[in-house]
């Protein structure tokens with residue numbers, strides 16, 4: 001099943017993709033107990049929203065050895081966690097806004113996990129059973145501010161710095177998913193979840209012993225090597241095998257975002 005979120009007649013809905021052009025509306029997010037209605041609506045690119053509305057966005061840094069090495073960092077001995085604010089969410093097709101505070105904004109294509117049921121002090125097996133589905137995420141980062149600040153909040157937290165979509169796919173397993181990032185059609189990143197330092201089940205279990213993971217929360221699992229700069233006029237595509245392609249333009253913050 002592929003779940004999307006879209007605007008229809010001025011109201012935001014979660015919906016199930018019936019085909020590329022049609023969606024069936026839900027009463028609420030399926031991970032919050034929503035059920036399907038009998039309403040079918042057309043799907044247009046200009047009505048798609050980020051397919052999640054999480055209470056928190058919990059991310060993992062340096063979860064691919066080659067990425068840690070390309071930034072001159074050691075591979076962590078336990079998961080390196082940070083948060084992005086929900087206000088940073090951006091839907092498919094909308095524009096990433098380059099903030100004037102940064103001279104070096106970079107893409108980070110990643111697999112996103114949507115939590116389906118509450119997780120607290122979980123085992124790895126329990127964590128896997130709590131996964132609702134998978135999506136594409138671009139953990140946009142102001143790299144110069146990240147280096148300057150040491151901690152990640154400002155560098156990762158600007159509005160539009162968490163593009164997500166185009167859907168949440170439920171019928172996947174996370175053990176060997178290819179993750180590709182392209183900028184203007186050229187491949188920048190090409191990785192696979194089998195190369196993660198900490199596998200997804202272990203990550204979720206680890207997180208659940210720190211904070212309760214709520215249904216609908218978004219977990220961003222780390223980026224492969226090949227991160228690089230984004231400039232005004234670029235188009236960045238993050239593809240996760242079995243999910244689809246998340247595509248966003250890049251513009252100056254002073255320019256009108258779409």
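For the options 96, 131, 11, a Gaussian network treatment of the chain with springs between C-alpha atoms closer than 10 Å singles out 11 as fluctuating the most. With a Förster radius of 25 Å applied to the beta-carbon distance between residue 87 and residue 149, the computed FRET efficiency rounds to 0.85. The stretch between residue 73 and residue 252 holds 61.5 nm of extra length on full extension. This uses 0.36 nm per residue minus the Cα-Cα distance. For residue 192 and residue 7, FRET efficiency with R0 = 22 Å and r from the beta-carbon atoms, rounded to 0.05? Calculated transfer efficiency: 0.05. Using a 7 Å offset from Cα along Cα-Cβ at residue 231, what residues in segment 136-176 end up with backbone N under 17 Å from the label point? Under 17 Å, as judged by backbone N against the label point of residue 231, lie 143-144 of segment 136-176. When each of 107, 232 is scored by the number of other beta-carbon atoms lying within 10 Å, the sequence from fewest to most is 232, 107.
Ranked for footprinting exposure by Cβ neighbours inside 10 Å, fewest first, 37, 251, 193 give 37, 251, 193. Remark: relative contact order (the chain) = 26 percent; criterion is Cα-Cα distance under 8 angstrom and separation of 6 or more residues. Helix-only arithmetic for the chain: the sum of -39500 (n - 2.57) across DSSP H runs with n ≥ 4, divided by the residue total, places the mean residue ellipticity at 222 nm at -3000 deg cm²/dmol.
Site pair residue 45 and residue 123 shows an inter-label distance of 4.7 nm when each label is modelled 7 Å from Cα along Cα→Cβ. Just so you know, the Rg over Rh for segment 52-252 is 0.93, from Cα atoms, with Rh as the Kirkwood radius.
A short reminder: the numbers here are calculations on the coordinates, not readings from a lab. In this text, all values refer to a predicted model and were calculated from it rather than measured experimentally. Virtual Cβ from ideal backbone geometry, glycine too; neighbours counted across all protein chains shown.
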